[in-house]
Each structure stands twice: as C-alpha cells, then as structure tokens.
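Reading through the structure tokens given below for one structure.
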Amino acid sequence: MGWLFTTKSRSELIQALTRASASEKGTSTTLAYVFNEAESVLWSVVELRFAPDADSTDQAPRKHCIICCNLLECSGGQWGYKPMDESMHPYRYSCPLAFLTLAPVACQEWRDKVREYHSHG
C-alpha cells in the first residue's frame, strides 16, 4: 500500500489514526499507542470486533488484536501516513515490547527482530 496524505496536522493525524471507529462490519478500538519521534512511526495495538454474520447461529462478535505500524511523513506541507501491520513485516523494530503481549503473533520473524532491537538498546 502507498502513502495517504491529508491536510491534518501531525497531531490531528495521530488522533485520527488512533480514534475508535465503527461500521456495519464492526468496530476498531486502539488499546495502546506510542509515537516514536526519531523514526516518525506510530505504533498501536488495535482491537477489531467483527459484527456477527447475519446467517450465523453464533451471534457473539468476534474480536482480534493487531499491532499496527504507521509511518508518518510531511511532504509539501501535508502530513501523510503509510499503514502497515505486523503481518506485513514492516521492517521497523522500535515497537514497544509490551505491545507484543497484547496481540497474537502474526509474524514471528518480525517479533524476533523487535526483541533483538530492544536487547541492544
């Protein structure tokens, strides 16, 4: 996926990227986030709750947590972001270690690199 740009300021963009949202398909709630100024990356743990399928007898919402990595950049006076998640192995490893306990493993190789990154810090 490419970059998406907006007229929002950096702080407004971070607020928008971490704000809860809802649709007919379900909800998205940010459980934790941190902005790494040095790398200009927004790390977040997002809980996705999927609405029950109308044809299903199980009407309990399904939920799943993911670790998100949004690269932020300013170009031409506009802030943009490149959204990724752990499953895409974002090649950034400054994700807080505590975030790894909040979501199931989607890419073990990436998690190993995150631990390695923090062991040298």
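FYI, it's all coordinate maths here, none of it is from the lab. Keep in mind the model is a prediction, meaning the values are calculated, not measured. Positions of Cβ are generated from backbone atoms using ideal geometry, with glycine treated the same way; all protein chains shown enter the neighbour counts.
Tabulated data for the structure shown
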item	result
Residue within the stretch 94-101 that is among the hydroxyl-bearing types (Ser, Thr, Tyr), surrounded by 12 or more Cβ atoms within 10 Å (Cβ to Cβ) and in a strand (DSSP E or B) present	no
Among residues of the stretch 17-49, those that are free of Cβ contacts under 8 Å to residues at least 60 places away in the same chain, surrounded by 13 or more Cβ atoms within 10 Å (Cβ to Cβ) and over 16 Å from LEU102 (Cβ atoms), counted	7
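Condition check ((1) part of a strand (DSSP E or B); (2) touching a strand residue (DSSP E or B) at 6+ places or on another chain (Cβ under 6 Å); (3) among the acidic types (Asp, Glu)) across all residues:
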{"residue": "SER11", "(1), (2), (3)": "no, no, no"}
{"residue": "VAL46", "(1), (2), (3)": "yes, yes, no"}
{"residue": "LYS63", "(1), (2), (3)": "yes, yes, no"}
{"residue": "CYS68", "(1), (2), (3)": "yes, yes, no"}
{"residue": "LEU71", "(1), (2), (3)": "yes, yes, no"}
{"residue": "PRO83", "(1), (2), (3)": "yes, yes, no"}
{"residue": "ARG92", "(1), (2), (3)": "no, yes, no"}
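Residues checked against (1) in contact with a Ser or Thr (Cβ under 9 Å, 6 or more places away or on another chain); (2) among the basic types (Lys, Arg); (3) under 23 Å from SER119 (Cα atoms):
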position: SER9; (1), (2), (3): no, no, no
position: GLN15; (1), (2), (3): no, no, no
position: VAL34; (1), (2), (3): yes, no, yes
position: PRO90; (1), (2), (3): no, no, yes
position: TYR93; (1), (2), (3): no, no, yes
position: LEU102; (1), (2), (3): no, no, yes
